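Chemist: What follows is a structure written as structure tokens; I'll ask about it next.
The values are calculated or read from the model by the stated rules, or taken from the named source; none is laboratory data. Keep in mind it's a predicted model, so treat the numbers as computed, not measured. Every residue, glycine as well, gets a Cβ built from its backbone with ideal geometry; the counts of neighbours run over all protein chains shown. With ligands, DNA and RNA removed, areas are computed over all heavy atoms of the protein, side chains included. Shrake-Rupley method; radii C 1.70, N 1.55, O 1.52, S 1.80 Å.
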Amino acid sequence: MKFGVMVSNSAAFLDFRGAIEVACKAEELGYDSFFISDHYMTPYSPDWYETYDALVFLSYLAAETKKIRLGTCVTPIPFRPPGILAKIVSTMDLLSDGRIILGVGAGWVKGEFEAYSRWDEGKVRVKKTEEGLRLMMRLWSGEEVNFEGKYYRAKGAVLKPKPVQKPHPPLWFGAYREQMLRLTAKYGDGWIPWVRTTPEEYEEKAGKIREYAKRLNREGKITYACVIGQITEKSLKPILDDVPAITNWAETVEKYLAARCQYVVLWFHPKVYVRLMEKFSREVMPSFT
């Protein structure tokens, strides 16, 4: 089993200096990846609207780190023009020497879409996600792309340089609903649901993805990950009341392992993030790696 870490891109959890420290320390401790959420307006409270652009942030970390993988958890594909997003991700992959993971979602925060992009009903956002991915994959692999979709178009588009990773950086879906699970099976290189997913729910949803992937002859092509958190101690007050506080660390990892999770991404309590990350690496990771 591999372990990664995840932070919010809101300064309400960690300011940018703290997030940089976490990423660099995670690499030193042997974690496989560092993920950051991708919101412009974190939905929980207006007090948490101070956010950092996740793609710019990871590009900076590409120069501050050497081997840890860097990913978004997750990027709402309909939020940005997909052609521009493809160009940004390709550059990020080049700067990091092939360490980028693009988290994929359809988006769910209406307020930030209305503020910075365009909000559509759920079915349309899912369709935009698939069409946007099709255009992005064409740009990452093709020489000159002409694309005519319902929502997106490209005429004579040339994207160079191409990503380091071939055919493109891994696409890890933060999917939960049925249609997005199907897209995960069809296009995904990984599945990375959020912290509220219980081991029982995880096993059920992962089983559906495996079933769909089998029909598409994509068995064995998907990494089954999960974000687990808040990883904390009993003496600490939870940051979010609706996110489970995980104090029995090894036992919880065992439960997700039994649910056929292959890759655990940890969301530690932000007030003592580095200390808990160090403790986890000493006391838990050696038993699973």
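Chemist: Choose one of 41, 159, 263: the residue whose Cα lies farthest towards the positive end of the charge dipole of the chain (beta-carbon charges +1 Lys, Arg; -1 Asp, Glu; about the Cα centre).
Modeler: 159
Chemist: To the nearest 500 deg cm²/dmol, what mean residue ellipticity at 222 nm is calculated for the chain from DSSP H runs of n ≥ 4 alone, each contributing -39,500 (n - 2.57), summed and divided by the residues?
Modeler: Numbers: 9 runs with 114 residues, N = 289.
Helices in the chain give a 222 nm mean residue ellipticity of -12500 deg cm²/dmol.
Chemist: Stretched out fully, how many nm does the piece from residue 143 to residue 214 gain, at 0.36 nm a residue minus the Cα gap? Could you put the intermediate results ahead of the total?
Modeler: Values: separation 71, 0.36 × 71 = 25.56 nm, distance 3.11 nm.
Residue separation times 0.36 nm, minus the Cα-Cα distance, leaves 22.5 nm.
Chemist: Here's another thing I want to ask about it. Tell me which of 73, 206, 94 sits at the most positive position along the dipole axis of the range 57-210, charges placed on C-beta atoms (Lys, Arg +1; Asp, Glu -1).
Modeler: 94
Chemist: Okay, moving on. Please compute the modelled spin-label separation between residue 110 and residue 235, points set 7 Å along Cα→Cβ, answer in nm with one decimal.
Modeler: About 4.3 nm, to one decimal.
Chemist: Return the subset of 155/186; 123/221; 234/271; 25/87; 2/166 for which the Cα-Cα distance in this structure is over 24 Å, preserving the input order.
Modeler: Numbers: 155/186 26 Å; 123/221 26 Å; 234/271 14 Å; 25/87 29 Å; 2/166 22 Å.
Going by Cα-Cα distance, 155/186; 123/221; 25/87 fall outside the 24 Å limit.
Chemist: Another question about this same structure. Choose one of 238, 141, 185: the residue whose Cα lies farthest towards the positive end of the charge dipole of the range 137-289 (beta-carbon charges +1 Lys, Arg; -1 Asp, Glu; about the Cα centre).
Modeler: Going by the charge dipole, the pick is 141.
Chemist: OK, next. If you place +1 on the Cβ of every Lys and Arg, -1 on the Cβ of every Asp and Glu, and leave all else neutral, what size is the dipole of the range 153-289 about its Cα centre, to the nearest 20 Debye? Let's see the in-between values first.
Modeler: Working: 24 positive and 15 negative charges, 202 e Å.
So the dipole magnitude of the range 153-289 works out to roughly 960 debye.
Chemist: Can you tell me, using C-alpha contacts under 8 Å and at least 6 residues apart, the relative contact order of the range 76-235 as a whole percent? Before the final figure, lay out each step's value.
Modeler: Numbers: 222 pairs, mean separation 34.7, N = 160.
Reported as a whole number, the value is 22 percent.
Chemist: What number, in percent, do you get for the relative contact order of the chain if the mean sequence gap of Cα pairs under 8 Å and at least 6 apart is divided by its residue count?
Modeler: Details: 517 pairs, mean separation 51.5, N = 289.
RCO, the chain: 18 percent.
Chemist: Ignoring ligands, DNA and RNA, what percent of the accessible area of the chain is carbon or sulfur (1.4 Å)? Intermediate values should be presented prior to the final figure.
Modeler: Working: 6620 of 13220 Å².
About 50 percent, which is the carbon plus sulfur part of the accessible surface.
Chemist: While we're here: Tell me which label goes with the value of semi-axes √(5λ) of the Cα gyration tensor in Å computed from the coordinates here: [x] 29, 21, 19; [y] 27, 23, 17; [z] 41, 19, 16.
Modeler: [x]
Chemist: Mind checking the angle between helix 82-95 and the chain's longest principal axis? C-alpha axes, 0 to 90 degrees, to the nearest 10.
Modeler: 60 degrees
Chemist: Using alpha-carbon positions, what is the distance between the centroids of the range 60-125 and the range 150-210, in Å?
Modeler: Result: 12 Å between the Cα centres.
Chemist: May I ask you to list the trypsin sites (Lys or Arg not before Pro) in the range 1-89 that are in a DSSP loop and have at most 16 other Cβ atoms within 10 Å of their Cβ? Kindly include the intermediate steps, with their values, before the conclusion.
Modeler: On the way: sites: 2, 17, 25, 66, 67, 69, 87; in loops: 66, 67.
In loop regions of the range 1-89 (DSSP not H, G, I, E or B), the sparsely surrounded trypsin sites (Lys or Arg not before Pro) are 66, 67.
Chemist: Taking a probe of 1.4 Å, how large is the accessible area per residue of the range 1-63, in Å²?
Modeler: On the way: 2450 Å² over 63 residues.
Value for the range 1-63: 39 Å² per residue.
Chemist: Return the FRET efficiency for the residue pair residue 63, residue 204: r is the Cβ-Cβ distance, R0 is 51 Å, and the value is rounded to the nearest 0.05. Walk me through the intermediate numbers first.
Modeler: Values: r = 41 Å, r/R0 = 0.80.
That pair, residue 63 with residue 204, gives E of 0.80.
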